[in-house]
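The values are calculated or read from the model by the stated rules, or taken from the named source; none is laboratory data. Because the structure is predicted, anything quoted here is derived from the model rather than measured. Virtual Cβ from ideal backbone geometry, glycine too; neighbours counted across all protein chains shown.
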Amino acid sequence: ARKYVLTKHFQGEPKKSDFEIVQEELPELKDGEILTEAEYLSVDPYMRAYMIGYKLPTVMIGGQVAKITASRNDKYPVGGYVAGYFGWRTHTICNPNIPAKGALVPMYLLPDISPYPVSLALGVLGMPGNTAYFGLQEICKPKAGETIAITGAAGAVGSHVGQIGKILGCRVIGFAGSDAKCEYLEKELGFDRAFNYKTVNIQKALREGAPDRIDCYFDNVGGEISSAIMNYMNKNGRVAVCGSVSSYNDSALPKVTIVQPSIVFKELKVEGFLVNRWIDRWNDGINANLAWLREGKLKYEEKVYHGFDNMVEALVGMLRGENLGKAVVKVK
Ligand code: NDP
């Protein structure tokens, strides 16, 4: 078994030299335990942000989809698949009856997601999918005919949020980091407009893309673009603050335009959330997204990196925006 141990706190972009890959012998299984082998590991923006608070050295955090290869637990038979926050490890021994400390979401057996690949349990049928499903609907509460703006729009969460917006009958505009991503959002996913935030004038894009201004803003990136969008919102607009990936690699806080006057005078509702708020309804989110997939209403893309040795490249690549949809690593 192999695992990544983080030995140095990240400075700027994560680096290979921040980690040590450690080989370990695993003990015999005890009653109730299972042994799993990772097939797909997830790379997510939160990994860059969360590790700041950890005491080092520690095993790098993260979710994975793994196959059960040995079992002393009748409810978890060999050959089954689990989604778990085991960290960056190839093999894991755990007792499913004892919740792991610090796991974002407790481990669970994958439901039948055929004909789709098990990797989707890290994306559209997993944590990012539920972030989109609950975050948009529970925080923004969009009504048909309203306009939704999304930043980080071509990523795992953003691309999914936009499609739910269209299913709900809203006008959807997105901001993403390349012309190719914007073309995909408009042509493949049905976004009404998508803009390359690296090249457009944001004010002009907002006037053009959202002539009736914005009622709901799903904020994945933070920073100046978020201030511009919030200052362009309608009265009683709702903002779901999901993440702020634009600043995860920076040590200095960005300078941004003040938004408090807009929040006050337009009576905006601004709410941050963590997706595990809806842990009791986790399967409802997965089942709803699965039904939309099967009905052809929801599309997904994956950027698949290959090999356990390339975890750091994958994490850095995702943070640089190499991914369309969900970034995952196929372990073998
Ligand atoms: P993505 O698949 O969207 O990947 C990250 C993307 O961030 C990149 O593809 C890149 O796209 C974009 N990005 C990188 N740097 C910048 C920048 N400086 N400005 C704007 N965009 C940038 O990741 P996820 O969908 O997994 O996550 C999206 C957001 O949601 C993150 O902020 C994450 O932390 C948050 N999140 C929050 C959860 C919660 O419970 N609150 C749960 C899951 C995710 P581009 O080419 O467009 O720049």
Step by step: first the residues of the stretch 215-232, then only those that are closer than 14 Å to Ile258 by Cα and not hydroxyl-bearing (Ser, Thr, Tyr), then the one that is farthest from the ligand (Cβ to nearest atom). Which residue is that?
Asn231
How many residues, within the stretch 48-80, are outside any loop (DSSP other than H, G, I, E, B), surrounded by 19 or more Cβ atoms within 10 Å (Cβ to Cβ) and within 21 Å of the chain's Cα centre (by Cα)?
4
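So that you can scan it fast, the table gives a plain yes or no per residue for (1) closer than 28 Å to Ile52 by Cβ; (2) buried (at least 18 other Cβ atoms within 10 Å of the Cβ):
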{"residue": "Ala240", "(1), (2)": "yes, yes"}
{"residue": "Ser244", "(1), (2)": "yes, yes"}
{"residue": "Ser251", "(1), (2)": "yes, no"}
{"residue": "Ile258", "(1), (2)": "yes, no"}
{"residue": "Asp280", "(1), (2)": "no, no"}
{"residue": "Leu315", "(1), (2)": "yes, yes"}
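In this structure, is Leu185 of a type in the set (A, V, I, L, M), more than 11 Å from the ligand (Cβ to nearest atom), under 21 Å from the mean Cα position of the chain (by Cα) and closer than 24 Å to Met318 by Cβ?
The answer is no for Leu185.
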Residue count for the stretch 233-254, restricted to those that are near the ligand (Cβ under 9 Å from one of its atoms), out of contact with any Pro (no Cβ under 9 Å at 6 or more places or on another chain) and either under 19 Å from Glu138 (Cβ atoms) or of a type in the set (Phe, Trp, Tyr) (or both)
3
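Quick one: which residue in Gly243, Gly325 is under 21 Å from the mean Cα position of the chain (by Cα) and not assigned by TED's automatic domain parsing to the domain that holds Tyr133?
Only one candidate passes the filter, namely Gly325.
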Within the group Pro128, Pro106, which residue is under 21 Å from Met51 (Cα atoms) and in a helix (DSSP H, G or I)?
Pro128
Looking at the stretch 50-82 only, could you name the residues that are within 14 Å of the ligand (Cβ to nearest atom) and in contact with a helix residue (DSSP H, G or I) (Cβ under 8 Å, 6 or more places away or on another chain)?
Ile61, Gly62, Gly63
From Asn97, Asn73, which residue is more than 22 Å from Glu24 (Cα to Cα) and at pLDDT below 95?
Asn97
Scanning the stretch 144-163 residue by residue, the ones that are in contact (Cβ under 8 Å) with a residue 40 or more places away in the chain and more than 20 Å from Val245 (Cα to Cα) total 3
Selection within the stretch 165-180 - more than 15 Å from Ile214 (Cα to Cα) and crowded, with 24+ Cβ neighbours inside 10 Å
Ala176
How many residues are in a loop (DSSP other than H, G, I, E, B), closer than 24 Å to Val157 by Cα and charged (D, E, K, R) if we restrict to the stretch 1-47?
2
Would you point out the residue of the stretch 26-38, among those that are surrounded by fewer than 19 Cβ atoms within 10 Å (Cβ to Cβ) and charged (D, E, K, R), that is nearest to the ligand (Cβ to nearest atom)?
Glu37
Residues of the stretch 102-154 classified as closer than 19 Å to Ile173 by Cβ, in contact with a Lys or Arg (Cβ under 8 Å, 6 or more places away or on another chain) and either among the small types (Gly, Ala, Ser) or within 16 Å of the ligand (Cβ to nearest atom) (or both), total
6
Number of the exception - Ile93 against (1) free of Cβ contacts under 8 Å to residues at least 60 places away in the same chain; (2) assigned to a strand (DSSP E or B)
(1)
